[in-house]
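All remarks here apply to the structure that follows.
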Amino acid sequence: MNARQLDPIAEAAIDWLVRLDSGNASVADRAAFARWLHADPRHDQAWQVLTGLLDAPVATIREAEALLPGQRQAAHRALTMPARRKALRSAAALLLLGLGAYALNRQQPLVGLMADLRTGTGERRQVQLADGSTLILNARTAVDVAFSARTRLLHLRQGQILVQAAEDRERPLIVRSKHGEARALGTRFAVQLNEADSQLAVLEHRVELTAADGSRQIFVAGRAARYDAGGILPLDEPAAPLAAWSEGLLDVRDQPLAEVIAALRPYQRGYLRVSPQASRLRIFGVFPLDDMDATLHALAETQPIVVRRYGALLTLVEHRDEVA
């Protein structure tokens, strides 16, 4: 479950926290909050967990407070200033889902626990399949393998894979996601599953892409595409940078910082969030995926952003104008 799948009680608790902390809450607002809080024991429980975001759960902030007085207050301000309320909602939502489950999910994605092949946070894995094909899994990836006498099916449930398909004229190799299927007509290609769509990058030979709506198109080496329930969208960008993760690199060519942060999240055990203003910055460069500190430092050196860390659980990336 993610922040977009919260139950109504969790959403209401977050809304109340944002409203009460805005500085504009009226007496009537506070009275309405009191009524909501006592209307159901689950309301009070959700509120206690949520407000823990600014106090007990982040043990590293408490430890920092002992060494450098004022760190807890700084964290509170950083999380509750108007420009940061969306970050508060997202981070608080994670706590409402349970810190234990969140910590486990950041280390090993829960969606992949039952998958045939899977990787955890910050882990890439290369696998030799029974047919001789080679499969590389990016961090936080889950794949089911279903080989039969008629087909070789890889069901991508989460993350990214790069396939080096072994030749087998009797059994096509297909990578399936919820947005469609990529059928190998050669050897080497990569598929990425996103929330709203899937992405194909053809590195060698050809791939036949079939979207969920039934539309089909063949892509040759060097080409890339996105596909979803509405069809196929060829991309202008070259395919090779989209598969650079297989070599431990993030190759960015005029992409918004929001996409860069999304690509870094599988390598970050804590919650990594970028503010709306910072997310629109355009990024160029090649960054190491296995050294998050170096990558975030390089971004901060070349972009007008500030990276704020609150222990191992929370990292905020914000535009300098937001923290001035």
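The values are calculated or read from the model by the stated rules, or taken from the named source; none is laboratory data. Remember, predicted model here, so these are calculated numbers, not experimental data. Using ideal geometry, Cβ is built from the backbone for each residue, glycine included, and neighbour counts are taken over all protein chains shown. These area figures cover heavy atoms from the full protein model, side chains too; ligands, DNA and RNA do not enter into them. Shrake-Rupley method; radii C 1.70, N 1.55, O 1.52, S 1.80 Å.
Does I218 fit the bill of being outside any loop (DSSP other than H, G, I, E, B), in contact (Cβ under 8 Å) with a residue 12 or more places away in the chain and either open to solvent by 70 Å² or more (accessible area, probe 1.4 Å) or of a type in the set (S, T, N, Q) (or both)?
yes
So for the range 110-130 (the condition being open to solvent by less than 40 Å² (accessible area, probe 1.4 Å), touching a strand residue (DSSP E or B) at 6+ places or on another chain (Cβ under 8 Å), of a type in the set (S, T, Y) and at pLDDT 95 or above), does at least one residue qualify?
Within the range 110-130, not a single residue is open to solvent by less than 40 Å² (accessible area, probe 1.4 Å), touching a strand residue (DSSP E or B) at 6+ places or on another chain (Cβ under 8 Å), of a type in the set (S, T, Y) and at pLDDT 95 or above.
What residue, of R223, R320, R273, R308, is touching a residue at least 60 places away in the same chain (Cβ under 8 Å) and either farther than 25 Å from G120 by Cβ or small (G, A, S) (or both)?
Selected residue: R308, the only one of R223, R320, R273, R308 that is touching a residue at least 60 places away in the same chain (Cβ under 8 Å) and either farther than 25 Å from G120 by Cβ or small (G, A, S) (or both).
Could you list, in sequence order, the residues of the range 123-147 that are more than 19 Å from T187 (Cα to Cα) and in a loop (DSSP other than H, G, I, E, B)?
Scanning the range 123-147 gives E123, R124, A139, R140, T141.
Condition first: hydrophobic (A, V, I, L, M, F, W, C) and farther than 18 Å from V163 by Cβ. Now tell me which residues in the range 242-263 satisfy that.
L249, L250, V252, L257, A258, V260, I261, A262, A263
List the number of the failed condition for Q107; all other conditions in (1) modelled with pLDDT of 95 or more; (2) within 22 Å of A263 (Cβ to Cβ) hold.
Here Q107 clears every test but (1).
Just give me the residues in the range 185-197 being within 17 Å of Q128 (Cα to Cα) and either in a loop (DSSP other than H, G, I, E, B) or open to solvent by less than 30 Å² (accessible area, probe 1.4 Å) (or both), in sequence order.
T187, F189, A190, listed by residue number.
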